[in-house]
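**Student:** Dropping the structure in here first, questions after.
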Amino acid sequence: MHNTPQVSVVIASYNAEKTVERCLLSLRNQITDKTFEIIAVDSSMDNTQKLIMKKFPEVRLYTFPERKFPGDARNFGVSVSSSEVIAFIDTDCIADKNWIDQILRAHQSSYPVIGGAIANGNPDNYISWAAYFCEFSQWMPQLSTCYMDDIPTCCLSVKRWVFEKYGPFLEGTYSEDTAFNWRLTRDKLPPLFVPSIKISHINIKNFGVFLRKEFVHGRYFARVRIQEQKFSGCKRMVFAFLFPVLPFVLFSRTCKRMINNKIYLKYFILASPLVFIGLFIWAIGELLGYVSRRKRPHP
């Protein structure tokens, strides 16, 4: 037995009673002889906390009465973790049965930041496909191992030293994982994409909620970009002025990914009108993020 687990799995949780059970079951049912701890940092107002305490007593659960953004929750989770390898997953994700083994195998190398593939966890709905393509088309299964500028924290793992050097995540915002990846890339440590490390993401199925999420995340992305890339007022206005072309740029990039990796091509063709609408709403949110003056997120 190991006194210290080989992996610390950190989960940021908020109003996740509909999905968290599938996430935690996928971790409980890992096919592995490796030791790992699960740390859930929850600020829910629903029954998430009761569900975790009742069904998953092995989870180290930390609860907070006030809403914690994902970065805030992950920072706390890392602070109470004990392993030298820290893996992040979200409550709306299902880990493949060998997820832990694949993470540790990849971390046998000296490379410090490693992410994996993201599949569609609920492929029975065109809105869920649209949400998937808008958010995760860069990390589809069947891609090859490569370096990337950005891998989201729903399937990302780091060696502790790199988090201590390049963290913590920005707090009070979304897109905090993108900011973390940008810091790494600026220092010539882009995250390594390893497709054998895989999760399935459970996507939004309600059209209104889908559009609202795209708008909110587009706005937060712009604010984080202004801070992390030190945008001047002039540069903000230039990016705002280019807003009319942004949805077409984003959609063309997504089309190119679908053509290069045909695993989900037929679903993309069917869902493409919804994908374009989602990217257009994202672009509106990004525009407002550039032109508005709001309190910046903090490290």
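**Student:** Within the group I263, I197, which residue is part of a helix (DSSP H, G or I) and either touching a Gly at 6+ places or on another chain (Cβ under 7 Å) or touching a residue at least 12 places away in the same chain (Cβ under 8 Å) (or both)?
**Tutor:** Answer to the check: I263.
**Student:** Follow-up. When D96 is evaluated against the numbered criteria (1) open to solvent by less than 20 Å² (accessible area, probe 1.4 Å); (2) touching a residue at least 60 places away in the same chain (Cβ under 8 Å); (3) farther than 18 Å from N181 by Cβ, which criterion, by number, is the only one it fails?
**Tutor:** Result: D96 fails condition (1) only.
**Student:** Mind listing just one residue for me: the one in region 234-249 that is open to solvent by 50 Å² or more (accessible area, probe 1.4 Å) and of a type outside the set (A, V, I, L, M, F, W, C) and, of those, nearest to G278 (Cα to Cα)?
**Tutor:** Once the filter is applied, the top-ranked residue is P244.
**Student:** Return yes when F210 is touching a Phe, Trp or Tyr at 6+ places or on another chain (Cβ under 9 Å) and touching a residue at least 12 places away in the same chain (Cβ under 8 Å) and no when it is not. Working first, answer last.
**Tutor:** Values: touching a Phe, Trp or Tyr at 6+ places or on another chain (Cβ under 9 Å): no; touching a residue at least 12 places away in the same chain (Cβ under 8 Å): yes.
Here the answer is no, as F210 does not meet what is asked.
**Student:** Further, regarding this structure: Quick one: is F239 part of a helix (DSSP H, G or I), in contact (Cβ under 8 Å) with a residue 60 or more places away in the chain, among the hydrophobic types (A, V, I, L, M, F, W, C) and within 11 Å of Y290 (Cα to Cα)? Break it down into steps so the answer makes sense when it comes.
**Tutor:** Numbers: part of a helix (DSSP H, G or I): yes; in contact (Cβ under 8 Å) with a residue 60 or more places away in the chain: no; among the hydrophobic types (A, V, I, L, M, F, W, C): yes; within 11 Å of Y290 (Cα to Cα): yes.
Taking the combined requirement at face value, the residue does not satisfy it.
Okay, residues lined up against (1) under 29 Å from W161 (Cα atoms); (2) without any contact (Cβ under 8 Å) to a residue 60 or more places away in the chain:
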{"position": "M53", "(1), (2)": "no, yes"}
{"position": "F56", "(1), (2)": "no, yes"}
{"position": "T63", "(1), (2)": "yes, yes"}
{"position": "R74", "(1), (2)": "yes, no"}
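**Student:** Another question, then. Which residue out of S26, S44 is touching a Phe, Trp or Tyr at 6+ places or on another chain (Cβ under 7 Å), closer than 19 Å to D92 by Cα, open to solvent by 10 Å² or more (accessible area, probe 1.4 Å) and at pLDDT 95 or above?
**Tutor:** So the residue among S26, S44 that is touching a Phe, Trp or Tyr at 6+ places or on another chain (Cβ under 7 Å), closer than 19 Å to D92 by Cα, open to solvent by 10 Å² or more (accessible area, probe 1.4 Å) and at pLDDT 95 or above is S44.
**Student:** Every residue in region 216-248 that is among the small types (G, A, S), over 25 Å from the mean Cα position of the chain (by Cα) and closer than 11 Å to E286 by Cβ, please.
**Tutor:** Once the filter is applied, which keeps residues that are among the small types (G, A, S), over 25 Å from the mean Cα position of the chain (by Cα) and closer than 11 Å to E286 by Cβ, region 216-248 yields only A240.
**Student:** Do the conditions hold for K68, that is, is it more than 30 Å from Y147 (Cβ to Cβ), more than 16 Å from the chain's Cα centre (by Cα) and open to solvent by 30 Å² or more (accessible area, probe 1.4 Å)?
**Tutor:** Answer is no for this residue.
**Student:** Being polar (S, T, N, Q) and touching a Phe, Trp or Tyr at 6+ places or on another chain (Cβ under 6 Å), is that true of even one residue in region 193-207?
**Tutor:** Yes - at least one qualifying residue is present in region 193-207.
**Student:** Also: Testing Y111 on (1) at pLDDT 95 or above; (2) in contact with a strand residue (DSSP E or B) (Cβ under 6 Å, 6 or more places away or on another chain), one condition comes back false. Which one is that?
**Tutor:** Just one mismatch for Y111, condition (1).
**Student:** Could you please give the count of residues in region 193-214 that are surrounded by fewer than 19 Cβ atoms within 10 Å (Cβ to Cβ) and touching a helix residue (DSSP H, G or I) at 6+ places or on another chain (Cβ under 8 Å)?
**Tutor:** 4
**Student:** Against the conditions (1) open to solvent by 50 Å² or more (accessible area, probe 1.4 Å); (2) within 18 Å of K205 (Cβ to Cβ), where does F268 fall short? Just the number, please.
**Tutor:** Condition (1) is where F268 drops out.
**Student:** Tell me, which residue of region 73-93 that is open to solvent by 50 Å² or more (accessible area, probe 1.4 Å) and not hydroxyl-bearing (S, T, Y) is farthest from V194 (Cα to Cα)?
**Tutor:** Only one residue fits best here, namely F76.
**Student:** Working carefully through the options T145, T178, find the one that is within 27 Å of K262 (Cα to Cα), of a type in the set (V, I, T), over 14 Å from the mean Cα position of the chain (by Cα) and open to solvent by 10 Å² or more (accessible area, probe 1.4 Å).
**Tutor:** Just a single option satisfies the conditions, and that option is T145.
The values are calculated or read from the model by the stated rules, or taken from the named source; none is laboratory data. None of these values were measured; they are calculated from a predicted model. Cβ coordinates were reconstructed from backbone atoms using ideal geometry, including for glycine residues, and neighbour counts include every protein chain displayed. SASA here: full protein model, heavy atoms, side chains in, ligands and nucleic acids out. Shrake-Rupley method; radii C 1.70, N 1.55, O 1.52, S 1.80 Å.
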